């Protein structure tokens, strides 16, 4: 009914979910994995399929904005979780 475009929404949501998961790991570099793959993939499409340069730049900027936004939110969530754990540990120490 919706064709191929319908499944694109689920693929993009899955990628953003994985991006958030990787961004909440201890190493900050895991969150850079998907944006790096995205840049390589879009550049490969630019050179191999003769994509319009303007379309390449716009798609790259929008995609990276979402991926880096997810990276930032994941790091904030990790810091919040660590702070909650620290507060919990401090509350158990005080008698």
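Since every read-out is calculated from the coordinates, none of them should be taken as a lab result. These numbers come from a predicted model, not from an experiment. Every residue, glycine as well, gets a Cβ built from its backbone with ideal geometry; the counts of neighbours run over all protein chains shown.
Assuming 1.002 mPa s and 20 °C, estimate D for segment 28-93 with Stokes-Einstein, Rh taken as the Kirkwood radius over Cα pairs, in µm²/s.
Diffusion coefficient, whole number: 151 µm²/s.
How tilted is helix 4-23 with respect to the longest principal axis of the chain? Cα atoms for both, answer in degrees (0 to 90, nearest 10).
Roughly 40 degrees between the two axes.
What angle do you read, to the nearest 10 degrees and between 0 and 90, between the alpha-carbon axis of helix 53-93 and the longest principal axis of the chain?
Roughly 10 degrees between the two axes.
If I fit a long axis through the Cα atoms of helix 33-48 and take the longest principal axis of the Cα atoms of the chain, what angle between them do I get, 0 to 90°, rounded to 10?
Roughly 10 degrees between the two axes.
Starting from the Cα-Cα distance between residue 79 and residue 92, subtract it from 0.36 nm times their residue separation and give me the gain in nm to one decimal.
Gain in length upon complete extension: 2.7 nm.
Show that you can apply the helix-only estimate: for the chain, add -39,500 (n - 2.57) for every DSSP H stretch of four or more residues, divide by all residues, and state [θ] at 222 nm to the nearest 500.
-29000 deg cm²/dmol
Only Cα pairs under 8 Å and at least 6 apart count here; give the relative contact order of the chain as a rounded whole percent.
That works out to 34 percent.
I'd like to compare 49-59, 12-22: which one has the highest average count of other Cβ atoms within 10 Å, and what's the full order after that?
Put in order of decreasing packing, that is 12-22, 49-59.
Quick check on the exposure proxy: order 45, 34 from fewest to most C-beta atoms within 10 angstrom.
Details: 45 14, 34 20.
Fewest-to-most ranking of 45, 34: 45, 34.
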